[in-house]
Each structure stands twice: as structure tokens, then as C-alpha cells.
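No lab work stands behind these numbers, since they all come straight from the coordinates. Remember, predicted model here, so these are calculated numbers, not experimental data. A quick note on method: Cβ atoms are made from the backbone with ideal geometry, for glycine too, and the neighbour counts reach across all protein chains shown.
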Amino acid sequence: MASHRIAVLPGDGIGPEVVSEAVKVLELLKKLDPSLDLEFETFDWSSEYYLQHGKMMPDNALETLKKYDAILFGAIGDKRVPDDVTVWELIMPIRKQFRQYINLRPVKMLKGVPSRFEGEDIDFVIVRENAEGEYSNSGGRLYPGLEEEVAVQNTIITRIGTAKAAKFAFEYAQKHGKKSVTSATKSNAIIHSMKLWDDVVRTVAEQYPSIKLDSYYIDALAAYFVERPDDFEVVVASNLFGDILSDLGSAVVGGLGFSPSANLNPEGDFPSMFEPVHGSAPDIAGKGIANPIAQIWSAALMLEHLGRADLAAVMIEAIEQVLVEGEVRTPDLGGSATTSEMGSAISEALQQKL
Ligand code: ATP
Ligand code: MG
């Protein structure tokens, strides 16, 4: 029986509120299924920690985290700490050092979620290249303040980085019985970097003859996400395009309360990190009314990554059962339930299923 060590980083704002519900659900799963062995350790690295210590996490934080099998992350963000500190001193070092070069975002219409697309069979994943692309530090500004001022921001598309993202997308498709991979591009206008992206994705696709590669320009693809979201199975995109498509996909299936994500190191050399797409939501923090579903779903992604896709599937079913019954709803769903009541309802549903 493999034991999995989980580092829990609740973070700021509603982070600790929703993370404690996710841990509550996982603890229950452990009881219901003795073959699941999880050990949790919680770290208080957050904006509060920064205000006390002048840094987001201790100097040996990455060495410490390296020993874990996965990281369950809440959210970071506090108006007393600049965004570039929270992002560049905590989230980025973890993503970079642990080679989490894939950001995986399921876009799935859960039963019982209020959305314009309610009842449609929308169920796909976005594979976002998470380490290079448009979000590079390369570039600069000249002649600040003058009329002649220019800014240059470079996009870094590499053969190796693109191939790894494309390979992950096709492997995912193969493993999950999907028939197509859709690539987001813009090689008609971004003629250097996106042409390399297209070439590499096409070359990788040749190794998977049973899976169809569709390639669309990002502008058209954005429209298709709204016009026919039930057509997609696996979408692979560069960092910027994937970022935009992920938020669009999230809106289609009901918004931030239903958007989990995984920052993956596919090789398993380092821990992967699982977190909801939403932030620390300072406007509702401390009230105990945040919707914990995105966080609990992120924990399900973590179990899938740790080899327990069976339990992840039951977790999703339990969430859907609570949504369909509709008795326990947090305010974002039009109800008046607390975060903890929602977590308990999902736990009860799980208990009935296992
Ligand atoms: P960040 O900079 O950390 O991403 P943000 O300003 O983008 O923060 P979020 O924290 O993601 O914002 O929140 C955006 C809005 O969605 C807020 O009004 C927030 O209250 C709401 N929200 C986010 N997550 C949840 C949740 N789990 N349950 C209910 N409402 C949420
Ligand atoms: Mg945000």
C-alpha cells in the first residue's frame, strides 16, 4: 500500500476555508477506503507569513516541498502585499523549480450547475503550456516617457517545450479514449513562433495516428468555445492562449466555483500542485461562505494524478449529487449554505456511494 505524502498550502483569504473542506473530504475517503493512504502536512506560507517574516516562504521551502508526492494549494493574494511578490516569490518558484510545465484545466459541465449551457454534454480538458511562451521575462523598454518610447516583449516558443506540451495532450487523449486534440494557433499573424508551434504539434500528432489533430486560430476557437463547446475533447495551447481559453471555458461551465486546475510535472520527478482557478476572494474571505467545490475538485485531480482515478470519479459524482439535489447551496449558487455545510453535504454523498 503506497503512502502518499501531501503538502497542504492553504494560503490567503478563502484559501484556508476551502482547503479545510477538501482535506475533510479526503480524510473521509481514507476512512471509507482503507487502501487510500494519505498523510497531510500543512504549511502556513502566505501573505500573513510575508508580513511577519519579510518573505513568502522560508529559504529551504522548496527543499522541504520536494519530499512530498503532491501539493494541495489554496490561493494567494492579499492587498497588503504586492501581486508580484505573491506570484514571483511563491507560485512561480514552485512551478519553475518543480518543472510543472503543464497546466491542466478540466472544462466539464457538472449536473445541476446553473449555466447558459446547462444540460449540454461539455467535457474536455485544456492543456496549457505553463513554462514558456508569451509569459517570458524577455524584453524591455526604451526611451521611457518620451514620445518615441517602445516596449518589446518576446515570446519564447521552443521545439522541446512545445513537443512536451503536445505529447502530454496526445498521451492524455490516448489514455482517456479521446479521438481528437485541438491546437490553438495564430500562425497566420504570428508568423515565427506560432509556425514553429504548428510544425511541432503536427510532428507529435503523427505519432498518434488514431487521434485527429484539429488546428484553429485562437480567435475562431474562442468563438467555437461558445458556439459548440460540446465538440472538444483535448485542447492544447500556448501559455497566453491557454490562459485566456481556460477562463472562457470556466465561464461556459458555470464560473470560478467550478474550475479546478493541476500544475503538472508529468515525469513525476517533482511534486505536482493542485489548486482552484479562483483567487483568495478577499471580498468574501472570513465569512465562511465560499464555494469549496473547485478546491474539492482540485483534490480529486490530485487523487487521479496519484493513481486513484476511481476515487476521483466518485468525488465528482458526489459533488454532482449535491448540486442536483440543490438543497445545500452556497451564496454564489443562490443559496445560503456555508462553506462547511457544502463540504459536509459532499462528504455525506460520498458516504452513500462508497
Ligand atoms: P486573484 O488576483 O487572487 O486571482 P481575483 O481578483 O481575480 O483574485 P478571485 O479571488 O478569483 O479574484 O475572485 C473573483 C470573484 O469571484 C470575487 O468576487 C470572489 O468573491 C468570487 N469568488 C472566487 N472564488 C469563489 C468561491 N470559491 N466561492 C464563491 N465566490 C468566489
Ligand atoms: Mg484572478
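Arrange the peptides 203-209, 332-338 so that the one whose residues have, on average, the most other Cβ atoms within 10 Å appears first.
Sorting 203-209, 332-338 by mean packing, highest first, produces 332-338, 203-209.
Could you give me the percent of Cα pairs per 20 Å distance bin for the chain, shortest bin first, beginning at zero and ending with the bin that holds the maximum distance?
The calculated distribution, bin by bin, is 29, 59, 12, 0.
Are there trypsin sites (Lys or Arg not before Pro) in region 250-354 that DSSP puts in a loop and that have at most 13 other Cβ atoms within 10 Å, and which ones?
Lys287
Counting Lys and Arg as +1 and Asp and Glu as -1, each charge on the Cβ, what is the dipole of the chain about the Cα centre in debye, to the nearest 20? Kindly include the intermediate steps, with their values, before the conclusion.
Values: 33 positive and 52 negative charges, 144 e Å.
Roughly 700 debye, rounded to the nearest 20.
Take the alpha carbon gyration tensor of region 87-197, find the square roots of its eigenvalues, order them as a ≥ b ≥ c, and report rounded if a/c is under 1.5; if not, report prolate when a/b exceeds b/c, else oblate. Mind dumping the intermediate values first?
Values: a/c = 1.90, a/b = 1.75, b/c = 1.09.
It comes out prolate by the Cα gyration axes.
So how many Å³ per residue does the convex hull of the Cα atoms of region 1-113 work out to?
Details: hull volume 16.1 nm³, N = 113.
Hull volume normalised by residue count: 143 Å³.
If you find the alpha carbon centre of region 162-190 and of region 36-63, how far apart are they in angstrom?
34
Tell me which of Ile190, Ser259, Leu240 sits at the most positive position along the dipole axis of region 190-259, charges placed on C-beta atoms (Lys, Arg +1; Asp, Glu -1).
In region 190-259, that residue is Ile190.
Once you order the gyration tensor axes a ≥ b ≥ c over the Cα atoms, which shape class does region 110-173 get: rounded for a/c under 1.5, otherwise prolate or oblate by comparing a/b with b/c?
oblate
May I ask you to sort Ile296, Ile289 by Cβ crowding, counting other Cβ atoms within 10 Å and putting the fewest first? Working shown, then result.
Numbers: Ile296 28, Ile289 21.
In order of increasing Cβ crowding within 10 Å: Ile289, Ile296.
What dipole magnitude, in Debye to the nearest 20, does region 6-131 give about its Cα centre under +1 on Lys/Arg Cβ and -1 on Asp/Glu Cβ?
240
Can you give the net charge of the other residues whose Cβ lies under 12 Å from the Cβ of Thr86, counting K and R as +1 and D and E as -1?
So the environment of Thr86 carries a net charge of -3.
Check cross-link reach from Lys31 to the lysines: straight Cα distance under 18 Å, and skip same-chain residues fewer than eight apart.
Reachable lysines: Lys353.
Please compute the modelled spin-label separation between Asp269 and His53, points set 7 Å along Cα→Cβ, answer in nm with one decimal.
Calculated label separation equals 2.7 nm.
Sort 37-46, 230-239 by packing, meaning the average of other beta carbons within 10 Å per residue, with the highest value first.
Details: 37-46: 16.9, 230-239: 22.7.
Descending mean neighbour count gives 230-239, 37-46.
Tell me the net charge near Glu233. Cut-off is 13 Å between Cβ atoms, Glu233 excluded, with +1 for each Lys or Arg and -1 for each Asp or Glu. Please report the intermediate quantities before stating the final value.
On the way: positive: Lys108, Lys175, Lys178, Lys179, Lys212, Arg228; negative: Asp121, Asp123, Asp214, Asp230, Asp231.
Every neighbour counted, the sum reads +1.
Hand me the GluC sites (Glu not before Pro) from region 260-329 located in a DSSP loop with no more than 13 other Cβ atoms within 10 Å, in residue order please.
Glu267, Glu327
Subtract the Cα-Cα distance of Asp83 and Ser35 from 0.36 nm times their separation in residues, and report this length gain in nm to one decimal.
Taking 0.36 nm per residue and subtracting the Cα distance, the gain is 13.2 nm.
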